[in-house]
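*Asks:* I am attaching a structure below and will ask some questions about it afterwards.
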């Protein structure tokens, strides 16, 4: 049988887990809209940790997956025109986004790789 004290302790642990989980999700960008940063060159707002990629028509699925893995990305959006929006790890800054863009642009299976500008997907 669960005593009042044990019940309160279990309830506190559940609430703490929910709060800590929510804070983690908010900081990682999985909760709510992704945060944005300013592109230092153009002054436009780009989404943190997001890259848009279009692969060449001749790219095989294995090559596409290898390219995504090369930036430790995960697919957030893939539309029927072959446009992928990738989520990338790391801090929320323009340098990380452009680092991933440069890595992808240097891959033979990639046709276009660009930052995701505010309003382009969301």
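*Asks:* Considering only region 13-45, state which residues are on the phi > 0 side of the Ramachandran plot and modelled with pLDDT under 85.
*Replies:* Listed by number, the residues that qualify are 29, 32.
*Asks:* Can I ask one more? In this structure, does residue 97 turn out to be under 13 Å from the mean Cα position of the chain (by Cα) and either over 21 Å from residue 39 (Cα atoms) or in a strand (DSSP E or B) (or both)?
*Replies:* no
*Asks:* Same structure again: Got at least one residue in region 50-58 being under 18 Å from the mean Cα position of the chain (by Cα), at pLDDT 90 or above and exposed (fewer than 14 other Cβ atoms within 10 Å of the Cβ)?
*Replies:* No, there is no match, as no residue in region 50-58 is under 18 Å from the mean Cα position of the chain (by Cα), at pLDDT 90 or above and exposed (fewer than 14 other Cβ atoms within 10 Å of the Cβ).
*Asks:* Anything in region 99-117 that is buried (at least 18 other Cβ atoms within 10 Å of the Cβ) and more than 16 Å from residue 65 (Cβ to Cβ)? List them, or say none.
*Replies:* 101, 115, 116
The values are calculated or read from the model by the stated rules, or taken from the named source; none is laboratory data. All values derive from a computational prediction rather than experimental measurement. Because the Cβ atoms are built from the backbone with ideal geometry, glycine has one as well, and the counts that use them run over all protein chains shown.
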